[in-house]
1. Test Gly353 against the criterion of being of a type in the set (Gly, Ala, Ser) and at pLDDT 90 or above, and give yes or no.
2. Determine, yes or no, whether Gly164 is open to solvent by less than 20 Å² (accessible area, probe 1.4 Å) and in contact with an Asp or Glu (Cβ under 6 Å, 6 or more places away or on another chain).
3. Looking only at region 223-243, count every residue that is touching a helix residue (DSSP H, G or I) at 6+ places or on another chain (Cβ under 7 Å), farther than 19 Å from Asn26 by Cβ and not hydroxyl-bearing (Ser, Thr, Tyr) and tell me the total.
4. Report, by residue number, each residue of region 122-142 that is more than 16 Å from Tyr192 (Cα to Cα) and either touching a Ser or Thr at 6+ places or on another chain (Cβ under 8 Å) or open to solvent by 60 Å² or more (accessible area, probe 1.4 Å) (or both).
5. Taking region 40-53 as the search range and keeping residues that are surrounded by fewer than 16 Cβ atoms within 10 Å (Cβ to Cβ) and touching a residue at least 12 places away in the same chain (Cβ under 8 Å), which one is nearest to Gln15 (Cα to Cα)?
6. Looking at region 154-180 only, could you name the residues that are part of a loop (DSSP other than H, G, I, E, B), among the hydrophobic types (A, V, I, L, M, F, W, C) and under 15 Å from Ile325 (Cβ atoms)?
7. Pick from region 404-459 the residues that are of a type outside the set (A, V, I, L, M) and touching a Leu at 6+ places or on another chain (Cβ under 7 Å): which of them is farthest from Asp261 (Cα to Cα)?
8. So which residues in region 283-323 are hydroxyl-bearing (Ser, Thr, Tyr) and part of a helix (DSSP H, G or I)?
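The values are calculated or read from the model by the stated rules, or taken from the named source; none is laboratory data. Since we're looking at a predicted model, the values are computed, not measured. Backbone-built Cβ (ideal geometry, glycine too); neighbour counts: all protein chains shown. What goes into the accessible areas is simple: the full protein's heavy atoms, side chains included, and nothing from ligands, DNA or RNA. Shrake-Rupley method; radii C 1.70, N 1.55, O 1.52, S 1.80 Å.
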Amino acid sequence: MFDVWKNVLAEIEKQIPRAAFSTWFNGVELIDAKDGIVEIGIPNVFYKKQLESRYHSLIQECLEKNKIEAREIKYTVQSVMKAKIKARETTNGDKVIQRTTARVEELKYDLPKIQNNSLFNSNLNPKYQMDNFVIGSNNDLAVSVAKSVINNPGANYNPFFLYGGPGLGKTHLVQAIGNEIKRMHPDFKILYISTDHFYADFVNSIKNGKGDEFNRKFRKLDVLIIDDFQQIVGKDRSQEEFFNIFNDLYQLNKQIIVTSDRLPSQIKTLDERLSSRLAMAGAIDLQMPNFEDKCAILKSKAEYMGRDIENEAIEYLAENVKTNIRDLEGEFMRILAFSDFKGMTPLELINDGLISPTRTTKTRAVQPKQIIDKVAKYYDLSVKEMCGKSRVANIKTARQVAMFLLSEELQMSTPKIALEVGVKDHTTVMHGIKKIKGDVKINFSLRDQIEDIKEKIYG
C-alpha cells in the first residue's frame, strides 16, 4: 500500500509545476487507506488548507489511478519529529547520524549559559517593525505566517522559508519577526545574519582553529534568521555546517527563518537533504505589489515620515515604477528631496515636467508589436509560430507570456490582446493571463524569464 503512495506522488509530480510539488508534497505521507477512507499525514495546518483548496481533486484522481479507492480524504497534521529518520549515504560515504532523545538531552545541557542576555548582539535593525510593514495582496499570506511564528516560535512554521525577488520586503519582514519576538521574549537569544557573513565567520573559525566555538555560538540560539540563502551556492562545507546547526536547533524546537530569492529546489548545487528540510514546513513567497499595494506603501511611508503628499503624485509613482518596492521607495525619496530643493510640491514638480521616473522604472513607451517580437525571439520562435494555433507546450507558454505582458505593461483589454496574438476568443486571453499570474507565484524560473524579457523590451 505504502509503495503505491510513491507512484501516486510520481503521478502528481507529472501534472503540476516542479516548484509546486517541491513546496506542497515534501513531507506528505500516506497514513492509512481502507473502506474508501484515505488518511494523509501532513506537516502542519497550512498544508491542509492548500491541499484541500488546490490539489484535493488531483490527489483523489491519482489515488484512484493507482487502485486506491478514495471516497473520502482526511488530512491529518502529524509531527515531523515523529517521522521515521532513515540513514542515508552522503557524497563522502559517511552516514547521517540519527538524532536521538539522548542527543537532544546532550544538546540541552551543553548549551553555554549567558548571564546577561542584554550583551548578546542580535544584529536586528530596530527600524524594521511589523507596524511599518505594509500589508497588501502581494504579501498577506506571508504576514499571516509571520504572525503565527511570532506567537508560537519553533512550533507551527519551522523552518519558515520566505522567498521572492529582490526589493520585495523579505529582509524587513524577517527582521520585524525577530524584533517582535525579542519584545515578547526578552530572554530569547535571537540572531540575524546574512549568508555571506555566515560563510565569512565559518571560514575565519576554521582558519583560527575555532570551529567548535562557531558551532556553539549557533546552538545556543532560540531564533536563527539567515538572509539571502541563495548565496550558499558553491560553498559545500558551509552547507554541511549549516545542515548540522539546522538539525540541532530544529530538534530543540528553536525557530529557524530563512530567506532566499528562490525556492530551495531551485538553488543550484544545494544539498538534497538540506533542500528537503528547508521546504518541509512549506515555502512562502512575496510577490510583486499591484497598483493599490504600491499606493498603500507610499501613503504609509509618507505618514511615517510626517510628509503630506498629494494622492495624484503617489498614484503617478505607483503607476510608473514597475520594478520592486525598493525602487518605488527610492523614487519616492528622490522626489521628496527634489521637492525640498525646489520649494515645490511633488505634484507641481510632476505637472511642470521637472521630474520623471529614472530608467529603473521601465516606462519607455513601447508598442504591442515590440512586446510580441521580444517574446517570440526569447523563446526562439517566429511571430507567426507564436501567434498561430499550435498547442505545443512551449509555444502555448510563449503566447500566454505575451498576453500577460501586453496586459501588465500596456494595460490592453483582452479583446485587443486577442487580436494581437491571433486568438479568436478573448476568454482564451483571460485564461492565459490568469495562468501566468498563477504560475509566477510558484515557478521562479518562469518569473526570471519574464523579468529577462522585460529587460530586453525596455533595455
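1. On the way: of a type in the set (Gly, Ala, Ser): yes; at pLDDT 90 or above: no.
No: the conditions fail for Gly353.
2. Here the answer is yes, as Gly164 does meet what is asked.
3. The total comes to 9.
4. Asp131, Asn132, Val134, Ile135, Ser137, Asp140, Leu141
5. So the first thing to find is which residues in region 40-53 are surrounded by fewer than 16 Cβ atoms within 10 Å (Cβ to Cβ), and the list is 45, 49, 52-53.
Going one step further and asking which of them are touching a residue at least 12 places away in the same chain (Cβ under 8 Å), we end up with 45, 52.
Details: Val45: 24, Glu52: 17 Å.
Here the residue is Glu52.
6. In the first step, residues of region 154-180 are kept if they are part of a loop (DSSP other than H, G, I, E, B); the result is 154-159, 164-169.
Those left that are additionally among the hydrophobic types (A, V, I, L, M, F, W, C): 155, 168.
Listed by number, the list holds a single entry, Leu168.
7. Step one: list which residues in region 404-459 are of a type outside the set (A, V, I, L, M), which gives 404, 407-409, 411, 413-416, 420, 422, 424-428, 431-432, 434-435, 437-439, 441, 443-445, 447-449, 451-452, 454-456, 458-459.
Checking which are touching a Leu at 6+ places or on another chain (Cβ under 7 Å) leaves us with 420, 439, 444.
Working: Glu420: 33, Asp439: 16, Phe444: 9 Å.
For region 404-459, the residue satisfying everything is Glu420.
8. First, pick out the residues of region 283-323 that are hydroxyl-bearing (Ser, Thr, Tyr): 300, 304, 316, 323.
Across region 283-323, the qualifying residues are Ser300, Tyr304, Tyr316.
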